[in-house]
Amino acid sequence: MEGRILEVRISVNGVDHQSDVEPRTLLVHYLRENLSLTGTHVGCETGYCGACTVIVDGRAVKSCTMFAVQADGASIQTVEGVADGDELHPVQEGFWECHGLQCGFCTPGMIMSSIALLEENNDPSEAEIRHGIEGNLCRCTGYHNIVRSVQYAGAKMRGESPQGASQEVSS
Amino acid sequence: MSTTSVMGGVVRRKEDPSLIQGKGTYVDDIKRHRELATAFVRSPFAAAAINSVDASAALALEGVHAVYTIDDVRHLGLNPAQVAVGTLRPFLADGVVHHVGEAVAMVVADDPYIAKDAADLVFVDYEPKDAVVDLKEAYADTVQVHDGISNTLLTWAGNAWWEGVIDLPDPSPGIQEAKERDDTVVVSLEMVNQRLIPTAIEPRAVLADWNSGYDSVELWSSSQIPHAVAGAIGMTFGIPSNKVRVVAPEVGGGFGLKLNVYPDEILCCYASRALGRPVRWTETRREASVASIQGRGWIGTSTITGTRDGKILGYELDAICDMGAYTHNFTVAIPLLGLFVAPGQYDIPTSYALHCVVTNKPTTDAYRGAGRPEAAYYLERIIDAFAREIGMDPADVRKANYWKPDQFPVTTQIGLTMDTGDYATNLDSLLERVGYEDLKAKRDAARAEGRLLGIGLSTYVEVCGFGPSALAGLGFSWAGYGLPTAFNGSGVVRVQPDGTCTVTIGTGPSGQGHETTWAQIVSDGLGIVMDNIEVQHGDSLDSPVGVGTFGSRSLAVDGTATYEATTRVKEKAAIIAGHLLEAAPEDVQFQDGGAHVAGSPDRSVAWAQIAESAYQPHTLPEGVEGGLESSVVFSPPNATWPFGSHLALVEVDPETGDVDLLEYWATDDCGNVINPMIVDGQVHGGIAQGVAQALFEEAIYDDVGNLLTSSLADYPLPAAENLPMFNLDRTVTPTDVNPLGVKGIGEAGTIGSAQTIVNAVVDAVSHLGVKHIDMPLRPKRVWQAIEDARK
Amino acid sequence: MYPPNFDYVAPATLDEALAALAASDNAKVLSGGMSLIPLMKLRLVRPTTVVDISRISGLDAITDEGDHISIGALVKHAETASNALVAEHATALGQAAGATADIQVRNQGTTCGSIAHADLAADQPAAALALGATMSVASVRGTREIAAADFFVDTLTSALEPDEILVKITIPKGGKSAYRKLGRRGGESDYPIAAAAVWVDGSNGSISAARVAVTGVGPKPYLASESAAAIVGSSGSGEAIAAAASHATDGITVLEDLYGSVEYRSHLAKVYVKRALEDVLA
């Protein structure tokens, strides 16, 4: 096996890493096991659930469907690198304000996809939001409050002062 | 944040800041020094004898530490958490496999990649046998799944809870006579309530660490019932329960999937003890599909006999319920739960027979709703068919047969007591909000243009909040099965010396927001601000003895225990504060982070001062003990019976059968509400899972028992694009079985929704002659139904 | 979830990649990996060598080549879906790329990879067929061009030899095209249960040339030649469209699976040929 160990240099959340990996090591396992960044989750094995979504060189991808060696030289952002110090990213704030998560397992991937979506278009329609996160499955929320969370975050990123869940709950 | 009157209010969740930053700790995020990984060798056959297992090639692989088979673990006996009805699963297959995916051998290696490499090298010599897949064939018993055991384990039937026989009981008095009357209509449908795969997004995960010095074990498991897992481990290994710590940290969705004591939990403990190192197993998605429990799986016929003015004179349900190959914790109890609510909200004579059969498929057990969605489906579908047959509005038929508010508490036909209900008010509230008459006009106008719009309605009552020992115990002790209590709730409230508060509870969330809701209860009682209350759970040694989260029970039972503990802490704190303030305890009020004398807000002490005194006994009044905490175990006098009404508007593409869910409304009644934001969230998710059953999901097996839908590519969970926003509202009919007046909301959305969708789709195409379409209503089925009706 | 191990090479030039492919009798080309990696994780595919072509320069462009546009081997679905040249000259391919899977997959997977994988239910092969694309293929033995009509051989089997790489696809300009599908989760969600791509050319209200392609229905994406023949020479009226659609499965072995019977799929093929034709002839 030693002959198959390759060296990769990957920047994650602004920190450069130099690591030895097997070719078969999936990027998500590299992040979780080698770098102990366990916020990125594994939910399926066929690239359907999106819990493992990270941003590689500016684009949301599924880190369970990518070998770490493919990311050699890349710059990666994970959920751990989203907040600016103590200040939450507007998408994180939206998920908190609008009850956009329950068990929280899909949430890191959902947040990364939402960030990628809003960075391209910070005023998406409901349909555009739903289309933009179709690669992330959630079993808890029925997506209702996730859509609200992304709408909240979009408004925040546009400089507005959105309202959270208390504005919508039923009587 | 100074508000302390937080019960009933929207409060952002305490658990979220961690989860949204990737700091939540799920089992797979915990690392132990020198831990090993596991892979299971699983049967590719649904039924086969095992002639031999050869692990030599696997053991020769570098990095492999052990390969275990039943010969290594047979001495551990059987899983004590399996209720002793029917067919019990050995920890690893013992000479025979009974479903695809059954574990035959366990490989332990340095990492999961090597473990999988090694598992591929384990050679198992199988001798395939005939598999029993179809439910009617299973019931006919021509081929037995387990040698010498009838495929029909038992029949839950209408005139007794446990007949234990196959024969149908006599129908309830009057139904046969009603059928023979000239003025009655009899409507009958055979319907499938298909098998589902729960599919929590977090697969199950287990990490065991046996300490040979103390002969104790720690197990982290993605479980809804850590206490029961601990009980089963202690019993299996013969060690006392105080040497078993089972921790359920963050749990990434439960839905009943994680409400079992699984063989892998025991096996990882065994391997850790044997190898002297921590041992981990993380389920893959395919394993989640073939080796963990599934839900539903009924085929049955419902029949309504009634008059043309909508009076129902009899409801009959006769169904075969798929138990799968083995009976786990609650497998045979799931149809029983359905039986409890089989007559729904209606004052109608009922007859039912639910036949529990074993098949060569994975075990079924609780999946969100657990028996109650099935019951609601069979009842509410046939009521719709009956309404259509007699030409009455389905809402009017329902209202004509409801129990009336002044009839509560209602004793049901089988002797259960329904606590409170006001069904007609709830339904009317929904219909008014929807604008029912206008919606019907819109549907009819669209239909005149050739568009296929449909309106579907369902109401439901569920039974949850377990529960009273008498109901939960069914006459025997759960303690013998590793379940530590007869479904009691527990809560410990402790004010720390600095005036902050720690709450520990016997249940734990898998997304339901317990930390926030419980903090609201305590904050409301003690006036300690939310930020100063921490709620801990899920540790079988550090949490009070409890049961876990399932059956929409946590708030009604453990929440009540916490409420009572809060009250007791408050009573003692009033004595201490009164002493400090030189006032009578009954004049002390708690608010805004401290206590003050009623009418004199200036005469106040902060919680920190009260707590400081509590932990310095010499400062306390005579006869008052030090400390400030209370532990309460609560056993409710009854279960709770939430209810509600759901309505959907769908459009069917007449050319393709594609169903578009346009609008969804629900008015649920779960009694009092602690946090409406969280309650709404539970309903959203519940509806989504019911819609998923109605439109998308099905565990499909071929005729030799292969699961054809073992990945998410073939088992299509709805994505955001496939669902609409949900329009929710509530009525509030508090229960009288607990002081909070809360009923439970975890399953309501699921119980109310699947038949709402099917009723809507059938409504859209009924004028074409379609009477029923089995779920899931994939385009092909809807199109085929239209085609068949046209022919 | 845990793929078997393999040797990995990521050459900087096409020649090196072709040499690596030629040197192994069980090598696989990796570009986006959206088909290959899930199969490896399920251990259904076990290559001894994986040749990652993503570091080869010059293969990542969509290029205007006069009367054609070309799409390089490394162009992602997302770029195909949003590219102006594609939208103008190969509308159906842009629509099919946009309807492929989800945004993460579109960000990672490549149009050429999807075509080379030749899944019987993939979106973009149908568009390549309808648009009359040409596949440019290279190996150590040289280069060759394969017409789309000859490229899809059977289920998961293309005309590519094991040592060949699909370097680019070339699409002639002209005409109008459209892609319409029914996905497994309804609407356009997920893989198509059935889908059609059509291309028509003509002037003065008369259709002079057409191609109709169907995916998700038979053992491979195919050209429905009788449908195309039926619409050519017509004015594109509703009757003509219906006549063309009625031939959507002529001569095809229609497949059955969890999402559709033979009868249903045959019907859907006609519906989606009709809808796609209505789109371009509206």
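The values are calculated or read from the model by the stated rules, or taken from the named source; none is laboratory data. All values reported here derive from a predicted model rather than from experimental measurement. Note: ideal-geometry Cβ built from the backbone for every residue, glycine included; neighbour counts use all protein chains shown. Remember, those area values only see protein heavy atoms, side chains included, never the ligands or the DNA or RNA. Shrake-Rupley method; radii C 1.70, N 1.55, O 1.52, S 1.80 Å.
Key figures for this structure:
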| item | result |
| --- | --- |
| Cα long-axis angle, helix C:262-281 against chain C (0 to 90 degrees, to the nearest 10) | 80 degrees |
| Accessible area of B:Leu78 in the full protein assembly, 1.4 Å probe (Å², nearest 10) | 90 Å² |
| For the protein assembly as shown: Kirkwood Rh in Å [reciprocal of mean 1/r, alpha carbons] | 31.9 Å |
| Total charge dipole magnitude, segment A:90-159, about the Cα centre, Cβ charges on Lys, Arg, Asp, Glu only, Debye to nearest 20 | 200 debye |
| Most positive-pole-ward Cα, B:Ile197, C:Leu42, C:Leu166, against dipole of the protein assembly as shown from beta carbon charges | C:Leu166 |
| Distance histogram for segment C:7-52 (every C-alpha pair counted, 5 angstrom bins, percent rounded to whole numbers) | 5, 24, 32, 22, 12, 4, 0 |
| Straight-distance crosslink candidates among lysines, where the alpha carbon sits under 28 Å from B:Lys243 and sequence neighbours closer than 8 are dropped | B:Lys31, B:Lys258 |
| Angle in degrees between helix A:107-120 and the longest Cα principal axis of chain A, rounded to the nearest 10 | 80 degrees |
| Whole-percent carbon and sulfur share, accessible surface of chain B, 1.4 Å | 49 percent |
| Potential extension, B:Gln176-B:Ile149 segment - 0.36 nm per residue separation minus Cα distance | 6.3 nm |
| Nearby lysines by direct alpha-carbon distance to B:Lys14 (threshold 20 angstrom, same-chain neighbours under 8 apart not counted) | B:Lys23 |
| Positive-end residue, the protein assembly as shown charge dipole about Cα centroid, Cβ charges, pick of A:Phe67, A:Ile115, B:Thr502 | A:Phe67 |
| Lysines whose Cα lies under 20 Å from that of B:Lys771, excluding same-chain neighbours fewer than 8 positions away | B:Lys440, B:Lys780, B:Lys791 |
| Mean residue ellipticity (222 nm) of chain C, computed from DSSP H runs ≥ 4 via -39,500 (n - 2.57), nearest 500 | -9000 deg cm²/dmol |
| Cα→Cβ-extended label distance, 7 Å offset, between C:Asn26 and A:Arg4, nm | 1.1 nm |
| Compactness of chain B as Cα Rg over 2.2 N^0.38 Å, two decimals | 0.98 |
| Cα-based radius of gyration of segment A:1-140 once divided by 2.2 N^0.38 Å, which approximates compact folds | 1.06 |
| Non-local Lys pairs in chain C, i.e. 8 or more apart or on different chains, that have alpha carbons under 19 Å apart | 9 |
| Calculated from backbone phi, Karplus (6.51, -1.76, 1.60) coupling profile of segment B:411-417 in Hz, x at Gly/Pro | 9, 7, 4, 8, x, 7, 10 |
| Carbon and sulfur %, accessible surface of segment C:62-172 computed with the full protein complex present, 1.4 Å | 52 percent |
| Separation between Cα centres of segment B:660-707 and segment C:131-164, rounded to whole Å | 46 Å |
| Cα centroid separation, segment B:6-71 to segment A:126-161 (Å) | 31 Å |
| Overall Cα dimensions of chain C - principal axes, largest extent first, Å | 57, 44, 31 |
| Cα Rg, Dmax, segment C:176-281, angstrom units | 13.0, 44 |
| Centre separation in Å (Cα based) which lies between segment C:213-235 and segment C:20-50 | 33 Å |
| D (Stokes-Einstein, µm²/s), Kirkwood Cα radius, segment C:62-172, 0.692 mPa s at 37 °C | 241 µm²/s |
| Two-site label geometry, C:Glu278 and B:Lys442: point separation in nm, points 7 Å out along Cα→Cβ | 2.3 nm |
| Nearest-0.05 FRET efficiency for C:Val45 and C:Ser206, computed from C-beta distance (R0 30 Å) | 0.05 |
| Chains B and A, summed buried accessible surface - 1.4 Å probe, Å², nearest 100 | 4900 Å² |
| Within chain B, helix-based [θ] at 222 nm, where runs of 4 or more DSSP H residues each add -39,500 (n - 2.57), nearest 500 | -8500 deg cm²/dmol |
| Relative contact order of segment B:1-118, defined on C-alpha pairs under 8 angstrom at six or more residues apart (%) | 38 percent |
| Angle between chain A longest axis and helix A:144-157 axis [Cα atoms, degrees, rounded to 10] | 90 degrees |
